[in-house]
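Step one of this worksheet: look at the structure below.
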């Protein structure tokens, strides 16, 4: 290690900077001095030639983020599995084929990126990570997903692009909390309706041999063949509904004013009255600007 780098690490050790970026330094081994920086919270050592990490890395119990992308790691070092406060672990573009059981120690892990490796099977040890929300598994060699993948109830984002799926994994239809699902660059020719995935906000299926876009909820964005046309038609439909609702809101406003005037006359004569609002009228009322809605509600509350 150069004397300049040694001085730099010493300076970092002294000033207590919680972030250390040693990416693209052509390291074959992590400098041992790094493992003495107990204050570190974020460590980036991407784009080197690392094959493993020293056992002493486990001393860095304050680490929240560890980035090991673009190295030559074939097995996750067991010392990494002792970093129990990690929330983000980046292992993309290495030579991994599996994970050790000890990975389950990372109970605080929320984000795991393991793209561009050699996984042929979904690593079931991930089931034991209850807080995992973001799982990036693109560009691996997966052909199927386990039928009980739905057990990963915390997952919000799942990236499976560039794998070897030739059919849509049906277990995904049971993952009701998914917000982002990416299946780009597979060989899927038919995608079922995804409307039951009510939390879904983005579904990408580009570069698959599908004939038409899948059916999704009103709030989901599609990326893929035919998606632009589908979204255009959907937005036009929403616009028609919005205009219809505005028209009904205007009619409701006129009705309320007329009813209020009549009510004043009826109450002067000791006659009680009430106003019945339909579901559509209530929806239309909700679309009104706040000031106009407040004024109308004063009249509505009078009749309830």
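The values are calculated or read from the model by the stated rules, or taken from the named source; none is laboratory data. Source: prediction; values computed, not measured. Please note: Cβ atoms are built from the backbone with ideal geometry, for glycine as well, and neighbour counts cover all protein chains shown.
Some points to look at:
- Looking only at region 179-190, and only at residues there that are touching a strand residue (DSSP E or B) at 6+ places or on another chain (Cβ under 8 Å) and within 20 Å of residue 228 (Cβ to Cβ), the one that is surrounded by the most Cβ atoms within 10 Å (Cβ to Cβ): 183
- Set 22, 43: member being modelled with pLDDT of 95 or more, within 25 Å of residue 105 (Cα to Cα) and surrounded by 15 or more Cβ atoms within 10 Å (Cβ to Cβ): 43
- Among the residues of region 191-207, just one is over 25 Å from residue 154 (Cα atoms) and either in contact with a strand residue (DSSP E or B) (Cβ under 9 Å, 6 or more places away or on another chain) or at pLDDT 95 or above (or both), namely 206.
- Selection count, region 61-82, where residues are more than 15 Å from residue 99 (Cα to Cα) and in contact with a strand residue (DSSP E or B) (Cβ under 7 Å, 6 or more places away or on another chain): 6
- Qualifying positions in region 149-164 - more than 17 Å from residue 223 (Cα to Cα) and either crowded, with 18+ Cβ neighbours inside 10 Å or touching a strand residue (DSSP E or B) at 6+ places or on another chain (Cβ under 8 Å) (or both): 149, 152, 155, 156, 163
- Tallying residues that are touching a helix residue (DSSP H, G or I) at 6+ places or on another chain (Cβ under 8 Å) and closer than 20 Å to residue 134 by Cα within region 177-192 yields 2.
- Test: residue 69 is surrounded by 15 or more Cβ atoms within 10 Å (Cβ to Cβ) and modelled with pLDDT of 95 or more: yes
- Of the criteria (1) within 19 Å of the chain's Cα centre (by Cα); (2) surrounded by 15 or more Cβ atoms within 10 Å (Cβ to Cβ), which one residue 176 fails: (2)
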